[in-house]
2 protein chains.
Amino acid sequence: MPEAQYPEIRALGLFAEMAEANFLSLMRGAYVQNFPPHIELISEGEPSDFLHVVLSGSVDLFSTWNGRDTSLATVRPISTFILAATVKNAPYLMSARTLEKSRIVLIPSQDVRAIFDVDGSFARAIVTELAQCYRSVIKAQKDLKLRTSLERLANYLLRYQKRAGGAAAFDLDFEKRRLASVLGMTPENLSRAFKGLQPYGVTVEGTRIAIADQADLERFARPNPLIDDHST
Amino acid sequence: MPEAQYPEIRALGLFAEMAEANFLSLMRGAYVQNFPPHIELISEGEPSDFLHVVLSGSVDLFSTWNGRDTSLATVRPISTFILAATVKNAPYLMSARTLEKSRIVLIPSQDVRAIFDVDGSFARAIVTELAQCYRSVIKAQKDLKLRTSLERLANYLLRYQKRAGGAAAFDLDFEKRRLASVLGMTPENLSRAFKGLQPYGVTVEGTRIAIADQADLERFARPNPLIDDHST
DNA sequence: ATGGCGGCTTGACAAATATCAAGCGATCCG
DNA sequence: CGGATCGCTTGATATTTGTCAAGCCGCCAT
């Protein structure tokens, strides 16, 4: 892959501290690829040949069973996905598809495992990354098991608002049907859930969401850092 | 803690490969404690002072929000819990309570982090453990989002049967109300779900479960290694 | 033994959620 | 400019799940 892109990868927590020689060795086997929207990058059950790094665009991690499917997470730049499968040399548990045009680095999994075996800094960085991922899924699990769909939506909107800069109005930059899937409900029920939040000052016009009174919505949503703060 | 117990801890994947000196250093700060049943060991939100290792008994990991609560996992000997919080030096995301009389090792988190910084083997072992935990939660998440409660119960019984030795009849060694919570339903609905599995040959008498025709139940349950095989 | 107590089950009912069908309103393309 | 397509919304209805109340049963302690 072109050396021009090394710095932005090197800047990732995962690669920042490792020995230069090992980093270069990883990069030598890696390559960057541009994908159009809606391309399936990997399928669950396949062997984990590559660690993926999203440089631009976004990727949907989803899973299928018995004719149903569900979105489990969205990967945004700049971060990696399927690290756990790579280090365990186990099959992917989720499939991945681009949501939009995306630039993605592919690093052969065996290289990652080889360097991981010899570079303690890299191993420690992987620990931090995995611990972060683990805690995020636990939070998602709590969200799903402890809250109703209306509460999940309310808290999602509050998180999204914060990430979008905190303004009272903001745009959803992806399809509502995906949001429904992420939140564990049907698109029809998402529509109704938005209506159900009107009494708390939420208005929707197309992709534009407005929160009239944040404190009011929070009184209903009861956000909790142990579920909603995805930075710790 | 008594040196007599070092070997069984040392035998854990997490501690097997690390340098002897570092292992001893970890053990020096650790201590074993016996807990009666139904004791809350840790509460979510607290700082993660200790890495826990269950030597005997069993521990329920659960979480609470807005007056509701849910069981997220059961820890059985010999394994650790709250490793992620320990390495990230972040608050616990789950509470833990003993289900029965349990012997538990407490290792100060700061010792774990200190050794983790200097012992590459230990760091690598932590990676493997965390990757395993991560993948388990992803599987639980898929189970919850892709299956109905009846399907979850059916697959749970098949997994439990396999773990209990594969016999057609076996005993549930914990309360059904906990099973209901683990499966994300109410005790009342668990009762009804058991009845709903009767047409597939499942019979229940107290804690005793019998699966008349495993193939029949599997036709309904459609177990999938990417959800139900917790060993990879 | 026997009187509570707790967990489990059952039934009736309520609430939440999914499904099905139809219509609306953008956008894309011939 | 139609006309088709696709995602979203809405209403009607079915299914699933939760809630409440009552009763059952085994267990423990007096």
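Any read-out appearing in this document is the output of simple, stated calculations on the displayed coordinates, not a laboratory observation. All values derive from a computational prediction rather than experimental measurement. For neighbour counting, all protein chains shown are included, and Cβ atoms are generated from backbone atoms with ideal geometry for every residue, glycine included.
How large is the charge dipole for region A:97-232, taken about the Cα centre, if only the Cβ atoms of Lys, Arg (+1) and Asp, Glu (-1) carry charge, to the nearest 20 debye?
In total the dipole reaches around 320 debye.
At 7 Å along the Cα-to-beta-carbon direction for both A:Asp117 and B:Val204, put a label point, then send me their distance in nm to one decimal.
Modelled inter-label distance: 4.8 nm.
How tilted is helix B:109-118 with respect to the longest principal axis of chain B? Cα atoms for both, answer in degrees (0 to 90, nearest 10).
So the inclination is approximately 70 degrees.
Just how large is the dipole of region B:3-144 about the Cα centre, in debye to the nearest 20, putting +1 at every Lys and Arg Cβ and -1 at every Asp and Glu Cβ?
Rounded to the nearest 20 debye, it is 340 debye.
Would you please classify the overall shape of the protein assembly as shown from the alpha carbon gyration tensor, given that a ≥ b ≥ c denote the square roots of the eigenvalues, rounded means a/c under 1.5, and beyond that prolate means a/b larger than b/c while oblate covers the rest?
rounded
Mind checking the mean number of beta-carbon atoms from other chains within 10 Å of the Cβ atoms in A:178-184?
1
Just need the relative contact order of region B:29-173 here, percent rounded to a whole number, with Cα pairs under 8 Å and 6+ apart. Could you put the intermediate results ahead of the total?
Working: 226 pairs, mean separation 40.5, N = 145.
Relative contact order for region B:29-173 comes out at 28 percent.
Calculate for chain A the 222 nm mean residue ellipticity that helices alone would give, adding -39,500 (n - 2.57) per DSSP H run of length 4 or more and normalising by residue count, nearest 500 deg cm²/dmol. Can you show the working numbers first?
Working: 11 runs with 106 residues, N = 232.
After summing the helix terms and dividing by the residues of chain A, the value is -13000 deg cm²/dmol.
Identify, among A:Ala90, A:Leu106, A:Ile138, the residue whose Cα sits farthest towards the positive end of the charge dipole of region A:3-144, taking +1 on the Cβ of Lys and Arg and -1 on the Cβ of Asp and Glu, with the dipole about the Cα centre.
A:Ile138
Can you spot the aspartates and glutamates whose alpha carbon is less than 19 Å from A:Lys195's alpha carbon? Ignore those fewer than 8 places along the same chain.
A:Glu151, A:Asp171, A:Glu175, A:Glu205, A:Asp213, A:Asp216, A:Glu218
At a 10 angstrom cut-off on C-beta neighbours, averaged per residue, how do the peptides B:107-113, B:207-213 rank from highest to lowest?
Going by the mean number of other Cβ atoms within 10 Å, highest first, we get B:107-113, B:207-213.
Find every distance from the label point of B:Ser121 to the corresponding label point in the other copies (7 Å from Cα along Cα→Cβ) and write them in nm, one decimal, shortest first.
From this label point to the equivalent ones elsewhere in the assembly: 2.3 nm.
Among rounded, prolate and oblate, which fits region B:147-228 when a ≥ b ≥ c are the square roots of the eigenvalues of its C-alpha gyration tensor, a/c under 1.5 means rounded, and a/b larger than b/c means prolate?
rounded
If the only charges are +1 at each Lys and Arg Cβ and -1 at each Asp and Glu Cβ, what is the size of the charge dipole of region B:181-232 around the Cα centre, to the nearest 20 debye?
Approximately 160 debye in magnitude.
Hey, rough spin-label estimate for A:Arg28 and A:Tyr160, points 7 angstrom out along Cα→Cβ, what's it come to in nanometres?
So the label points at A:Arg28 and A:Tyr160 sit 4.6 nm apart.
Any of B:Lys101/B:Lys142; A:Lys88/B:Lys88; A:Lys145/B:Lys176; A:Lys162/B:Lys142; B:Lys101/B:Lys139 with alpha carbons more than 24 Å apart? Name them for me.
Cα-Cα > 24 Å for B:Lys101/B:Lys142; A:Lys162/B:Lys142; B:Lys101/B:Lys139; rest within.
Need one value for B:119-125: mean number of C-beta atoms belonging to other chains within 10 Å of its residues' C-beta atoms.
Per residue, the average neighbour count from other chains is 6.
Ordered shortest first, which distances in nm separate the 7 Å Cα→C-beta label point of A:Pro36 from those of the other copies?
6.9
Which ³J(HN,Hα) values in Hz, rounded to whole numbers, follow from the phi angles of region B:161-174 under the Karplus curve 6.51 cos²θ - 1.76 cosθ + 1.60, where θ = phi - 60° and Gly and Pro get x?
Using θ = phi - 60°, the values come out as 4, 4, 5, 7, x, x, 5, 5, 10, 7, 10, 6, 9, 8 Hz.
Tell me the distances, shortest first, between A:Arg222 and the same position across the other copies, using label points 7 Å along Cα→Cβ, in nm to one decimal.
Shortest to longest, the spacings are 3.5 nm.
Averaged over its residues, how many other protein chain Cβ atoms are within 10 Å of peptide B:20-30's Cβ atoms?
Taking the mean over all residues of the peptide, I get 0.
To the nearest 10 degrees, how steep is helix A:120-146 against the longest Cα principal axis of chain A, on a 0 to 90 scale?
Relative to chain A, helix A:120-146 is tipped by roughly 20 degrees.
If you line up the long axis of helix A:187-196 against the longest principal axis of chain A, both from Cα atoms, how many degrees apart are they, to the nearest 10?
With rounding to tens, the tilt is 50 degrees.
Quick check on region A:3-144: take the gyration tensor over C-alpha atoms, sort the square-rooted eigenvalues as a ≥ b ≥ c, and tell me if it's rounded (a/c under 1.5), prolate or oblate.
prolate
Residues with amide H under 5 Å of B:Ser58's amide H, sequence separation 5 or more or different chain, H placed in the peptide plane at 1.01 Å from N; which?
HN-HN under 5 Å from B:Ser58: B:Leu99, B:Glu100.
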